[in-house]
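Report on one structure; see the data block that follows.
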Amino acid sequence: MEKLKGKRNILLVIAFFEGAAVMACELFGAKMIAPFFGTTIYSWAGVLAVTLGGLATGYYLGGWLTTKYKPIKLLNIILIASGIFMLMMPIISNGIMNASMNINILTGLVLSLLVFLFPPILFFGMVSPVIIHELVQTIDSTGKTAGRVYAISTVGGVLNTLFLGFYIIPEFGIKIPTLIYGAIMIILPIVTILPKRKLPTTIICIFIFAILFRIETAESKQNPRQLFNILYSSEGLLGQVKVMDYNLNMDSFGVMPIRGLLVNNTWQTIINSSDQTGMLDYVYFMRPLFSRYSENNNALLIGLGGGTLCSEIHKKNIDVDVVEIDKRLKNISIKYFGLDSRTKIYIDDGRHYLHTTDKKYDIIIFDAFLGENPPWQLLTLESFEKAKKLLKPNGALFIEFYGYLDGKTGIVGRSIYQTLVEAGFKTDIITTSNEDGNDRNLIYVASVNDFDFNNLDYSGIKYTDKTINDLNNHLIDKSKIDFTDAIILTDDKPALEKMLMNPALEWRKSLNKIFRNRLIEQNQAIFY
């Protein structure tokens, strides 16, 4: 009986590690696809669907195979196979996503996940039925055994999710932890249940691990004619962050040294590294708005990025509080983008800060938009009403957003405008270009009283061919826009993500083409 209980405990330990490995695969897979396919609900839906599909297939195959083979022998093979496929995830994912970027983005997303995420998940799914079959044959009843195995497996997944999210991924990234988790799954049966010939099996597994690790390391060292110098790189639950330097040939300004901040391969900040001046168009268009205020005023900026917008506010001697949810960006903006280290930065969610502060502001700015995945919770009627309560009598809310306002794709922009009006704001819209689409930004100026666009200060360095000497010339004529189909965005009905999905996918597709041409071919290691 003691021997049987010992065997049961070993199998339950394996169930615990299997649950942990499933969640590790799911999180690693989600982070691997983010630089290529973004972090929209489509991306997460794809990861969840492939994970659940792999588990369901594994459960069925595992149960069926127990009628054909001895459970312990079968379990050894399954665990070693699952570890090998997990070891291969960084290698396979890089190759398949590079190859699938030119096809339809949703097809490429699902195809990539099926190739590198489905196989290890399938084998992990086979583990529990085999363990249950073995335990039922030896010591326990079916219902009790199944409940215990799945409970322990789930606990392993829960604990490992917390461990990965709060420590492993932020500290060590994706690649090395994936290799380590894969190696653990290979070694686990060797040190626990493999009855005979442990040494040959161990040598074979170590050999496989060494080959895969050598291939992955060799790929990481490839650096053909590297035009992009990566200064910083890290992974976290909030995305992959990179800081890189490169030279850009601009027709009007010649070759300039550029420094960029990328989150999931999306440009968040671009500066001329020689003078640390921001180069994104919307920064130039927002700069004159700040000249309406003085050193006696204060501002709240939600979304730090590289800190260029915050630095522009500092130049007007305006006191500014910054709210940023990703703590990595605080040090990055100071070290690499010249942000004043004395800046007051609160590591918090923007919406949470609005609900918990009583401080009044002359300016509130929403600039927390990450690629194709904007924080919808900031763009609701309830959020706007809360921001309005925090504004002083002559205050204004500035929101930077995508450039869509016309047609079917522009319903998002029209809905944001209508929601601001519903919240009681007098709202104008600045456009950085006359052409609707990916290449422009909209800046919503929502004020308690009418905002005066006259006599603004347009001085300062500009790295753009666009002439900005009177924002009145860049205001949208709202009388020419049909707002009848606009939706009032609320917390109860967060429709923004759904409305933005098609333009977001087109935007990510165009971004992928740029990265394929400029980055992947020049430096294969840029994504991990």
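The values are calculated or read from the model by the stated rules, or taken from the named source; none is laboratory data. What you see is a predicted model; the values in this text were computed from it and never measured. No Cβ is skipped: glycine too gets one built from the backbone with ideal geometry, and neighbour counts run over all protein chains shown.
Residue selection: ILE347 fails the criterion of being modelled with pLDDT of 95 or more, within 22 Å of the chain's Cα centre (by Cα) and not charged (D, E, K, R). Exactly one residue among ILE168, ILE190, ILE174 is in contact with a helix residue (DSSP H, G or I) (Cβ under 8 Å, 6 or more places away or on another chain), within 20 Å of THR51 (Cβ to Cβ) and free of Cβ contacts under 8 Å to residues at least 40 places away in the same chain, and that residue is ILE168. Given the condition outside any helix (DSSP H, G or I) and in contact (Cβ under 8 Å) with a residue 24 or more places away in the chain, answer yes or no: does some residue in region 48-62 qualify? Within region 48-62 (the criterion being outside any helix (DSSP H, G or I) and in contact (Cβ under 8 Å) with a residue 24 or more places away in the chain), the answer is no, since none of the residues qualifies. Candidates are the residues of region 238-272 that are hydroxyl-bearing (Ser, Thr, Tyr) and under 22 Å from GLY38 (Cβ atoms); the one that is farthest from the chain's Cα centre (by Cα) is THR269. Annotation: ASN455 fulfils all but one of (1) in contact (Cβ under 8 Å) with a residue 40 or more places away in the chain; (2) surrounded by fewer than 21 Cβ atoms within 10 Å (Cβ to Cβ); the unmet one is (1). Take the residues in region 217-268 that are assigned to a loop (DSSP other than H, G, I, E, B), surrounded by 15 or more Cβ atoms within 10 Å (Cβ to Cβ) and not hydrophobic (A, V, I, L, M, F, W, C), then tell me which one is modelled with the lowest pLDDT. Going through the qualifying residues, I end up with GLY236. Flag not set for TYR246, criterion: out of contact with any helix residue (DSSP H, G or I) (no Cβ under 7 Å at 6 or more places or on another chain), closer than 25 Å to ASN473 by Cβ and either in contact (Cβ under 8 Å) with a residue 12 or more places away in the chain or not assigned by TED's automatic domain parsing to the domain that holds GLY350 (or both).
One residue is enough: does region 138-158 have a residue meeting the conditions over 18 Å from the mean Cα position of the chain (by Cα) and among the acidic types (Asp, Glu)? The answer is yes, given that some residue of region 138-158 is over 18 Å from the mean Cα position of the chain (by Cα) and among the acidic types (Asp, Glu). Among residues of region 273-292 that are at positive phi, those with a beta-carbon under 6 Å from a residue that is surrounded by fewer than 23 Cβ atoms within 10 Å (Cβ to Cβ) and modelled with pLDDT of 85 or more at least six positions away or on a different chain give the pairs GLN276/GLY338. When you check LYS31 against the structure, is it farther than 22 Å from GLY156 by Cβ and among the basic types (Lys, Arg), yes or no? Against the criterion (farther than 22 Å from GLY156 by Cβ and among the basic types (Lys, Arg)), LYS31 does not qualify.
Could we say that PHE285 is closer than 26 Å to LYS466 by Cα and touching a His at 6+ places or on another chain (Cβ under 8 Å) here? Judged against the criteria, PHE285 is a match. Among residues that are at pLDDT below 75 and either surrounded by fewer than 18 Cβ atoms within 10 Å (Cβ to Cβ) or outside any strand (DSSP E or B) (or both), LEU212 is included.
Please work out which residue is nearest to PHE451 (Cα to Cα), limiting yourself to region 464-481 and to residues that are part of a loop (DSSP other than H, G, I, E, B) and in contact (Cβ under 8 Å) with a residue 40 or more places away in the chain. Only one residue tops the list, namely ILE476.
All conditions but one from (1) modelled with pLDDT of 90 or more; (2) not in a helix (DSSP H, G or I) apply to ILE103; the one that does not is (1). When VAL448 is tested against (1) of a type in the set (Val, Ile, Thr); (2) within 14 Å of ARG287 (Cα to Cα); (3) touching a residue at least 60 places away in the same chain (Cβ under 8 Å), just one condition goes unmet, and that condition is (2). Counting only residues that are within 24 Å of the chain's Cα centre (by Cα) and of a type in the set (Val, Ile, Thr), which one in region 318-344 is surrounded by the fewest Cβ atoms within 10 Å (Cβ to Cβ)? Restricting to residues being within 24 Å of the chain's Cα centre (by Cα) and of a type in the set (Val, Ile, Thr), the top hit is ILE334.
Selection of region 356-388 for residues being among the small types (Gly, Ala, Ser) and modelled with pLDDT under 90 yields ALA368, GLY371. In region 392-436, the qualifying residues are those that are assigned to a loop (DSSP other than H, G, I, E, B) and of a type in the set (Ser, Thr, Tyr), and the one that is farthest from the chain's Cα centre (by Cα) is SER433.
Where helices (runs of 4 or more DSSP H) fall entirely within region 276-354, those with at least 2 residues that are in the same structural domain as GLY403 (by TED's automatic domain parsing), of a type in the set (Val, Ile, Thr) and under 21 Å from LEU456 (Cα atoms) are at 308-315.
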